[in-house]
Every structure is written in C-alpha cells, then in structure tokens.
1. Could you work out, for the stretch 84-209, what percent of all Cα-Cα pairs fall into each 5 Å distance bin, beginning at 0 Å and stopping at the bin that holds the largest distance?
2. Over all pairs of distinct alpha carbons, what does the Kirkwood formula give as the hydrodynamic radius of the stretch 443-542, in Å?
3. Projected area of the stretch 155-283, taken from the Cα convex hull and averaged over every viewing direction, in nm²?
4. What is the packing order of peptides 283-290, 189-196, taking the mean over residues of other C-beta atoms within 10 Å and listing the highest first?
5. Mind giving me the FRET efficiency for HIS445 and ALA559? R0 is 30 Å, r the Cβ-Cβ distance, nearest 0.05 is fine.
6. Kirkwood hydrodynamic radius for the stretch 297-373: how many Å is it when counted over pairs of different Cα atoms?
7. Considering the options TYR465, TYR495, ALA517, tell which one lies farthest towards the positive end of the dipole of the stretch 431-525, charges being +1 on Lys and Arg and -1 on Asp and Glu at the Cβ, about the Cα centre.
8. Counting only heavy atoms of the protein chains, get the accessible area per residue of the chain (1.4 Å probe) and round it to a whole Å² value.
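The values are calculated or read from the model by the stated rules, or taken from the named source; none is laboratory data. Bear in mind that the values here come from a model prediction, so they are computed numbers and not experimental data. Don't worry about glycine lacking a Cβ; one is built from the backbone with ideal geometry, like all the others, and counts go over all protein chains shown. Accessible surface areas use protein heavy atoms only, side chains included; no ligands, DNA or RNA. Shrake-Rupley method; radii C 1.70, N 1.55, O 1.52, S 1.80 Å.
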Amino acid sequence: MRIPCRPEPYNLAALQGSLKANTLQFTRLGFCFEALSGISPIMTDTFAFATWTEARDAAHTARKSGDVAQAIAILRGLAVAFPTKEGIAAAARGLRACGQWNDAVALLEDAVVFQPVSTALTVALADAYVEKKYFSNAIACVQVYLDRIPHDAALWVNLGGLHFAAAEWTEAERAFSHALTLKPLDLDAALGQGDALYRLGRNDEAIAAYRRVLALKPDDARAHFKLGSVLAAGPDLGEAKAALRNAIALDPSNAAAYVNFAGVLHQLGRLAEAAEAARQAVNLDGGLVAAYSILGTIFLESGQFQPAAEILRIAADLDPGAVMILTALATAENAIDNPRAAERLLQRILAIEPANLEARHMLSAVNGEPVRSVPPGYSRQLFNWYAEKFDRMLADSLNYRAPQDVAAMLMDVKPEPRAFSALLDLGCGTGLVAEALAKHYVIDHKVGVDVAEKMVEVSRKKGFYDEVIHGDAADVLAARASAFDLITAVDMFIYVGDLAPLMPLMARALKSGGVLAYSIEVMTEGKYKLQRTGRFAHTIKYVEDLAKSHGLTPLASRAVTLRLENTAGVPGLIGLLQRA
C-alpha cells in the first residue's frame, strides 16, 4: 500500500488498519521492512556498517563527493539495517538531501505507523512536509501524535510553529499557550506566543510575552530583538532602540536586528546612524531587501538622489514586486534626469497596482502631460505617508523655511501682535505655519484643515490650532464666508495647479481687509504646469491676475528659495493678497 504525497492530511488510522490487514509486512522503496521497532541491526555482505551513524556519515561523504547514487544506496541500506527511530530519521534526512523527497516521506510515513509516539519520527516527517509547504500534512502529523501523548510540551511548541508558518495565527497562539500551561517556563513557547499575538494585532500582549522571557533570561537575544521590533511600531522609540541595541550586542550576526535598529534611528531623525546600521545589515546579509530599502530611503530623503538610485536598484532587483521600493526608485531616477527609467518603473507599479494614485500622477509628471490638478485622493495618500517624518525631512534635510518666511513678511506689513483675530491655514500639515506665526502674533481663533488624517493627528498633538479639520479645503472655505482675517496657503498651490475654482472661495472666506498669504514654485511663462517633480509651478502674473478678478489686491511679494532638491535650491515666491 502506498500513501500519495499530496497537500492534504494523510489518514493515519486508515493506514494503520491497512497495515494490520497486511500482517505488518510490506515492500516500499524497493526494499523490505519488518516491523520497524525492536529489531536488531541486519548485517549483510553488501552493507558492512557497524552503526547507523557510520552509514549516515558514509552517505554524507558520498553525496559531498558527487556520488549521489552511492549515497542513496547507503541510505536505503541504512533504513533496512537500522530500523530504529534514529536510523530511520537519519536515512530520511539523507534522502531529502539527495533530492529523494518522495522516498524520504514514504519511509517516514511507514515508520510512524509502527512508532506513532516517537517524537523524533514525528518531527522528521513534519519537517519533510514543511519543505514542500504541505503545512496541513505537517500539522495533522503532529496532531496525531498529540492525540496520543497530549502532555508533550515540546510538540505543542512544534505545532504552534507549524500553524504560524501556515499563517494560522489564532491556532498558533492556542498551541503556544497550551504548551505554556504544560511548561510555564518554556522560553520557545513564550516567544512563539508573542509572535502569534503580534500577528493578531495584540501588540500589548505580545510585548508582555517578550518581557516574561526577559524576566526569566535577561540575556536572551531573541526576546530583545522581538521586543524592540514590536515597540518600533509604537510611540516608545527610546525603549525600542535600547532593546534592539541589546539584541545586537548579544547577537552581532542578526542582520534583521540591524535593519530594525536602522528603522528606529530613522524615525528618530538620526539619519547618519541609521545609514550605518543599514550598511551593517547589508554586510551581514547581502540579500536582505529591507536593508537596501531603508538605506536608499535615507539617501532619498536627504536629497542624495544618485546614491539613492544605486542602492534602490539593488533592492528592486532583489524584490521586483515591491511597490514602495519601485516608487522610491522611480523618484530617484526622475531626480537624476533618467525620466525614461522612471517611466518604466511607474508602468511596472501600475501593472501591479492599477489604482496606485502616486504612480499615475508621477507618470503624468514624467511625461509632461497637461494636468489641471492632482488626482483626487493623491494628496491624502502622499501626506499620510509623510506625516510622522514631515517636520524632520523638511526642516533638517531640505532646509524648508517657507512658514518662517511668510511670518516674517506678514510682520513687515502687519507688525501689530494682534493684527489678526482669526486664522485659517489651508493644507495645515503638521502645523508649521501656526507655529511660526505664534512666535509674534496673538490670534484668538486658529483653524487648520488638511486632507490627510495622519497630518491632522500630528497637528492636534502639537496644539497650535484651536480647531483642526480633516477634510477638503474647498468645503471648509465654502462653509465659512467672511470668517477670517488671515488665510494661509503655504506649500498648498503646488499640489493644486488650476487655482480658478479655489480663488473665489478664498476671497469669499476673508473679511474685508483680510489677507491671503501663499507660496508658489515659480515659472516665467504661461499660467501653471505640472513639473517632473510631481508639483505644480505657477507664474506670478497668473496668480495675481486671478486674484484681482475676485477682489484681492497684491500687497507684497518676495522671491525665496523654498527648499533644497538634489542639493540645489528650488526657486519660489511668497506673496500677500488683501481683500478690499
């Protein structure tokens, strides 16, 4: 009788019944088995190894020397001559190493019938199934054992690991939890339970599980690594950094620990240290995509586009379907004047994610298409991604000072601290404009509005506004006629393009004598144009002529450098318009 190797659990009970009907004697793999327990080694003229370990080592030597056929012959003889659990397990491992997976599994499936409570054989068979990702077979194999021996904590841990590999997080957590009821101090069970809890989104419980391990074994590198990695996704970056530093000190070979450490340092704005940690990860594991990805991202955020492109190309080769990597690489290629390379990357992204707003918008920018505004939802997607690192990127890496420049120009024309009683900040982001104004002006009521909910969250935490609205600027303007004596649109028009729909709404929302402060990236001819950066440039004439048609008079303007890009300054203008 032969059990087919397939990705469904085999029926051990049926197998046992069939074997009994066949007097516990059958032929398989071309040689004969008696009952595989309690038999003395069989010595033949052609199999002269005194122990199963000698046979195993001889097979290993033959395989390493290239004589795979000889290795297979020895392993088959080993299984006959030494039908103990150790001999069978060794023969099966050797057969798998020789590429004889079906034979190895057939041998082990037969063996567990005669020794159904052998941990060694059960684990060996489960491992063989896992090699082919037949997780359901492996789980069924271990479960049959546990139905007979339910108090084997180590096998419950093994079962948890199999459920985890099969992405069955709830079942994995249950198995690890049961192992802990049998053996409360089992570190592997506690670590596995933490991993499953994390995958289930129960981060606080996962952190508690890792802390229990560290309470029992303070120098457990795995627990430090896992604890730091989970903490890195939350607000306590200081503790995450400390845990990952401990993990690296205890196990300097853990490339993933260096990657996660780099990620925490990156979030903390310590870019040089983050880059060094990412390089260490690359040195340890040249195939670790995340290490190249974070290193390339650091270069990109620092405006070092050439090294960013070089690193991100490696990451994209290692993981051709990673949309975030392809997007970052397209940005870098575009910035170093490789528009066709950027176009190919953006087309790849759209083949993977046809609805990707960023790729679609950037493709329009790279190809110079006549676009009136960004796609609906694009700004929300973009700035949600940037929210947590927005301030650091703009101020530290890009030398962004538009909010301060606008505040300074306002003070030139309206120096009184109480010149404005009500502020509406369009596209308020993380509150940089309100923060700059607060250093000189006392404004009774400050309102911020942004389409990105994560930007709104950051603004609310800072507390510079009395009211922060998550929504569309046009809707807020339309609902608040003559409500403000100062409206700011700093770094907003560059994501709008056609200002014709917005300008009358801004004019209507201002009180008589109220001021609109804005910034633009400047071009010399026409009205507005989508640039290859994905941002719009405008002519001063277009903005001022449109403003005049809606009752807004130019009050002041000043040429400025808005930010650095690829180490060069981006020419811009800040202006003030006043309602009659």
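1. P(r) for the stretch 84-209, in whole percents per bin: 2, 12, 21, 20, 18, 13, 9, 4, 2, 0.
2. Details: mean 1/r = 0.0682 Å⁻¹.
This gives a value of 14.7 Å.
3. 7.6 nm²
4. Values: 283-290: 15.6, 189-196: 26.0.
Ranking the peptides 283-290, 189-196 by packing returns 189-196, 283-290.
5. The computed FRET efficiency comes out at 0.40.
6. On the way: mean 1/r = 0.0810 Å⁻¹.
Taking every pair of different Cα atoms in the stretch 297-373, averaging 1/r and inverting gives 12.3 Å.
7. Toward the positive end, the furthest listed residue is TYR465.
8. Value returned for the chain: 44 Å² of accessible area per residue.
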